[in-house]
Structures are given as structure tokens and as C-alpha cells.
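Notes for the one structure printed next.
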Amino acid sequence: MIIRKRLGMVLLAALVAGTAPSAALAIGGASGAAVDYQVQGQIGEVIINPYDIAPLTAIIKNGGYVLKDATVRIVPKDNGQEIKYQVAPKHLLTHGGIPVFGLYPDYVNTVEVEYSKLNNGKWDRVKESYTLYAAPVYSEPNATKTLKAAFFTSADVKKVDSAFSDRLYFVNNFMHKAGKGTRVVWNNPTGGALEWNYYPQNFVIDTKGEVRWYMNANPIYDLKSIYNAGVMMGFKQNDDGAMTWGFGQRYVKYDILGKEVFNRELPAGYNDFSHSLDVSPNGNYFLRVASSNLKRADGKNVRTVRDVIVEVEPSSGIVQDEWRLFDILDPYRDVNMKVLDQGAVCLNIDASQAGHTMSAEDLAKQDQNDKFGDIVGVGPGRNWAHVNSVDHDAEDDSIIISSRHQSAMIKIGRDKEVKWILGSPEGWKDEYKDKLLTPVDSKGNKIDCGASGSQCPGYLSESGGFDWTWTQHTAFKIDSKSKGDILYLSAFDNGDSRGMEQPALPSMKYSRAVIYKIDQKKMTVEQVWEFGKDRGNEWYSPVTSLTEYQKDKDSVFVYSAVAGADFDIATGAFLTDPNPFIMEFKYGAKEPAVEIQLKDTTGYQAMPFSVEKAFVK
């Protein structure tokens, strides 16, 4: 009995011992209470590209400790640009560790961090470094003849004033159309611009021309999908540091590490976002979209093209208001349409049509057929307006739009009434004529723009001077310099159809960055700054581009986004990809403080990026 009892106890002990690992696995998982990732420092593991869309970012996990007072420094390359920032407590909590931004691609980076960690009731101050390799940049290729590199082949840093040496620039570029996408158009009803698809190329460069961040769009973008494709545009860094933008049938918000704040389809009554998402001081978003179903006066149902603005409440996505521009403006004003270069209608660049224009007869015939969609033409359902920016003026609760195909910048009130029009007076109906701004000089004297009103001194004189904008982009109010009836407005004057005509030679075209001073009470406009005419055709951007005031340095940022391409002199068509210019000017200066030229890339817009907004605030 004693032997049997002892034997039973031994077997029981063996059974318990044999099952003990299983019990531990059930309680603690494969690693138990330990963490078996490689840990370089005194806290947790490192995750590169933590949210899948920002490969040059990382998070140093907190390792279970409470952290505070963190600072990050990316050790620069020889003669490189330092990125160093503090990390606000909310970001340490949100990411479960220390966010790292600004790694060099295809490079073994040294990242220095300082932080305090709570260890058994005591705060320990730690200073340590991490060795982090980041892979080379990658962008989907599009199999075009001119493509030479993922984003650009090189960056020619021509000039950087010391006051701007800490700048980082967010660049919103994209590729030419690829065979993978652009396979479908809208139906029930027809029209719209669904086929407007270009693979995105979004990145941040420093003032040495080095890429320090880029977007791997694949997890959130699919050229073959109706509702996940389009053209990524309208990027804005919000006051909370996160980025908002839109593409096709979506508008989104992500932080710079790639963490999603929201990713939504457009409200059901609208389609085809592009160009502009304004973040208003009132907290709402103003999106340039189009109507997904409009009953025209002739009874036809169509989707419209780039001619609706909606105001959206960010947290809920509820549409608060809309501006239907085909009801507010004249969608049949064709005077500018007849002189547009059909080879460069925004990004729909067609070399075979370079230098060609449309006649009044061509335009009139359009309403006799059912040809609608992303085509230059008059009437709802065609690209008659091509609105490429919207800016909400919270001071009087109005919007300012840039209409490329009307070559006009227009202010419209909450009541949907036009307040003023900055552009050539040609071709406007009587109901709009008292809304046209009168050009004046610095002393208030009226400027003569000829019998037509389209050929101003700045157009006729080699030395420049007042001119209207032509096929312009980015009509942005300079809030900090405007007050009451006096409004300062910046724009990029692309310059196609300048003077309401095409020049004798394509090489005579030029673009300008320009700032106007508008007296909204007297209904006058004065040109106070311009740049670009003396740069001539090498700085000419027939499409895209941006001019925008920057309050932090009292400067003007300019991106001539498709300049510097080689052209066929006979036709004006592209022979190479463009070589765009990034520039920043001290306010009022005649020459740039920063000039960086990117080689072999097609640009849309760019802007300074604030690390302070992203991590410190």
C-alpha cells in the first residue's frame, strides 16, 4: 500500500510537471511576462513604419514605463540638416512611446533621445541613442517613357538663406497616368471626372534636398478601385499637426506617422474631390467637389465637374452648407474658354492639342449632344469653372475661389451672392459687371487695361506691372495682413491665355507669383508684389502650382510645379518631365531666400511642414 501510494504521488507530480508549461502558456502567452523583441535602449522595442504608410518614421515603445519630457534628434549626415524636437505628453500617450520622424532613406540613422521614465516611483532621466536603418524610397512605377526615379532624380539646392535653413517642405507631386488605373467613367448619370487618377508622390525634403519622409500610399489607395483612387490633393497641416487632404471619392485625416484620424467617403450627394480642402478658422472643412446628380435646365441629368463647394463639420462629416457655382456664376461665359491652350488643361496634358483653342462654334455644338465629363466646355456637366482652390474668409463668412477656366478669383458670400470678381472684365453678363474690381496704382489712380480690359500694363511692358491672373491657382487670403475692407490676396498666375490670347510662340509664355491688395469698399485692386516675368519661359508652369504667405517667417512660399520641362518649340508639348522650383521669399523681397529645383518630377503643390505643430504642441 505504501509503495502504491508513493508511486501514485510520483506519477501525479510528473503529470503536474508535464502540464505546467501548458498552464503557463494559457495564462501568459508565448513569451510569458517577458518581452522578447530586441530592445536597444532602456525602454521598449522600436517599430519602423508603425502605421504602414510612413516608412521613414518609427516609434520607440515605452516598454511599460510612464514617460515624460522626451526629446528626439535625428543625427544629420555630414553637412546635413538636423531635425530635433520635443514630444508633447499627448503624443507619448497616443503612440505608446516616443515618435521618431525624419529618418534618412537607405541609410543607417543614429537617433538620439532624451526622456524621463517612472521607475518604481522614481523619475530617472535617460539619454541614449538608437541605430535605425530605413529602406530606400519606393513609388509605384507607371511605365512611362520619361520616368527616371521614384520621386525625383536630384535636387539642385541653389540658395538657402540662414533664416530658412531649418525649413522642411512637404511636396505633393504625382505621376502621369498609369495603365493600371483610369479604366472607368461614371454612369447613371454620366459626366464627372472619375477617370482623373494619378498615382501619388508625397514626400518631405529638407533644405539640403534630402527626402526625410514619404508616403507609402498602397495601404489606403488603389488605382483599380472606384472609391479608393483619384488624385491626392488639397494637403493642409492642421493646427493639431495632422494632415488633411482628399482624393477622388474620399477625404481623410492622418498624423504624420500615418495614424488614421478619419478616412471617409464623400457625402452621397457629391463626387470627385480634387484640388482643395480648406481648414477654416471656424473649425469646419471646405471641400471642392462636384454634384453627383444635377437636373439641367434641358432636363438632362449629369454629374458636374469641379464646380461645387461644400462645408463639412469634421467630427461628424455632416454637410453644413453648399455653394453650387453653376447657379451662382455664369456657366456659359466662354470668352476665356476660347483662348485656353487645349494641350494643357490643368493635369489633362495632351501634347497633340498643344497650342489649339476652341471656337465659339465648337462650344455651342456641345449642348446639342450628350458629351459631358472632364472636358473643357460650357454649361453644367463640363469643366467650365475648374475651381482649384477655396479659402473661407471667416471675417465676413465668405469664400474666395480660384476658377482656372474663367481666369478669375471670386468672393461669394454665405448668401450665395457674388461680392467681387478679380479678373478681366471681358464677357461678364450685366448682373456681374458691378462686381468687377477696378485696377489702381499705389496712389489710387485707375490703371488702363485697354479697350477690352484684358491687356494691362504688366502684360504689355517687359518690365512688368499690374496684370490680371490667367488660368491661376491658389487664391489665398493673407489673414494676418488683412483687416476690415482691406484684403491681401496671394495667387500663382500660371499665365496661359494671358491678355485673352495665345502668343505668337509658346516660348513667350511666363508665370508669376503675385499679391494683390483689395479695397472691398471702394471695389479696387492694387498689385503690390510679383515675381516670375523676368524668369521667362524656363519658370513657366502651364498648370498646377502655388503661392502662399507664411506667417511664422513673414515670408511667401512659391512652388512653380511643372516648370523647367523641355518643350517642342513648335507645339509647346512636353518632351521631358518637369523640373519644378521650390522658393521662399522674405515678404516684399524681389529675389528668393530659398531656391531648390527638383529634377524630373511632376508637381502639384508644396508647403512648409512644421515639426513643432506635429509633435511639440
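Sort out which residues of the stretch 222-237 are open to solvent by 10 Å² or more (accessible area, probe 1.4 Å), part of a loop (DSSP other than H, G, I, E, B) and of a type outside the set (A, V, I, L, M), and write them in order of number.
222, 224, 225, 227, 228
Filtering the stretch 538-554 to residues that are modelled with pLDDT of 95 or more and buried (at least 24 other Cβ atoms within 10 Å of the Cβ) leaves 540, 541, 544, 545, 546, 547.
Quick grid of which residues meet (1) open to solvent by 40 Å² or more (accessible area, probe 1.4 Å); (2) under 29 Å from residue 120 (Cβ atoms); (3) among the basic types (Lys, Arg); (4) at pLDDT below 80:
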position: 27; (1), (2), (3), (4): yes, yes, no, yes
position: 43; (1), (2), (3), (4): no, yes, no, no
position: 55; (1), (2), (3), (4): no, no, no, no
position: 63; (1), (2), (3), (4): yes, yes, no, no
position: 69; (1), (2), (3), (4): yes, yes, no, no
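Can you tell me how many residues in the stretch 253-312 are basic (Lys, Arg) and either surrounded by fewer than 24 Cβ atoms within 10 Å (Cβ to Cβ) or modelled with pLDDT under 95 (or both)?
Total meeting the criteria: 6.
Residues considered: 448, 485. Of these, the only one that is modelled with pLDDT of 95 or more, acidic (Asp, Glu) and under 30 Å from the mean Cα position of the chain (by Cα) is 485. Among the residues of the stretch 564-577, are any surrounded by 24 or more Cβ atoms within 10 Å (Cβ to Cβ) and at pLDDT 95 or above? Looking through the stretch 564-577, none of the residues is surrounded by 24 or more Cβ atoms within 10 Å (Cβ to Cβ) and at pLDDT 95 or above. If I filter the stretch 478-499 for residues that are over 28 Å from residue 413 (Cα atoms) and of a type outside the set (D, E, K, R), do I get at least one hit? Yes, there is a match, as at least one residue in the stretch 478-499 is over 28 Å from residue 413 (Cα atoms) and of a type outside the set (D, E, K, R). When residues in the stretch 117-140 are screened for being open to solvent by 50 Å² or more (accessible area, probe 1.4 Å) and β-branched (Val, Ile, Thr), 1 of them pass. Residue count for the stretch 255-277 satisfying the condition of being within 13 Å of the chain's Cα centre (by Cα) and over 23 Å from residue 194 (Cβ atoms): 0. Go through the residues of the stretch 510-532 one by one and say whether even a single one is surrounded by fewer than 24 Cβ atoms within 10 Å (Cβ to Cβ) and either modelled with pLDDT under 95 or more than 27 Å from residue 444 (Cβ to Cβ) (or both). Checking the stretch 510-532: at least one residue is surrounded by fewer than 24 Cβ atoms within 10 Å (Cβ to Cβ) and either modelled with pLDDT under 95 or more than 27 Å from residue 444 (Cβ to Cβ) (or both). Evaluation of residue 562 against the conditions (1) closer than 16 Å to residue 474 by Cα; (2) over 21 Å from the mean Cα position of the chain (by Cα) shows that the sole unmet condition is (2).
Can you go through 110, 144, 153, 94 and tell me which one is open to solvent by 30 Å² or more (accessible area, probe 1.4 Å) and in contact with a His (Cβ under 8 Å, 6 or more places away or on another chain)?
Selected residue: 144, the only one of 110, 144, 153, 94 that is open to solvent by 30 Å² or more (accessible area, probe 1.4 Å) and in contact with a His (Cβ under 8 Å, 6 or more places away or on another chain).
For residue 367, the conditions (1) touching a Lys or Arg at 6+ places or on another chain (Cβ under 6 Å); (2) modelled with pLDDT under 95 are fulfilled apart from (1).
Which is surrounded by fewer than 24 Cβ atoms within 10 Å (Cβ to Cβ) and assigned to a loop (DSSP other than H, G, I, E, B), of 327, 240?
When all the criteria are applied, what remains is 240.
Residue by residue through the stretch 154-196, note down the ones that are assigned to a strand (DSSP E or B) and of a type in the set (Lys, Arg). Hits for the stretch 154-196 are 158, 159.
The values are calculated or read from the model by the stated rules, or taken from the named source; none is laboratory data. Because the structure is predicted, anything quoted here is derived from the model rather than measured. Cβ: placed from backbone, ideal geometry, glycine included. Neighbour counts: every protein chain shown. For accessibility, only protein heavy atoms count, side chains too; no ligands or nucleic acids. Shrake-Rupley method; radii C 1.70, N 1.55, O 1.52, S 1.80 Å.
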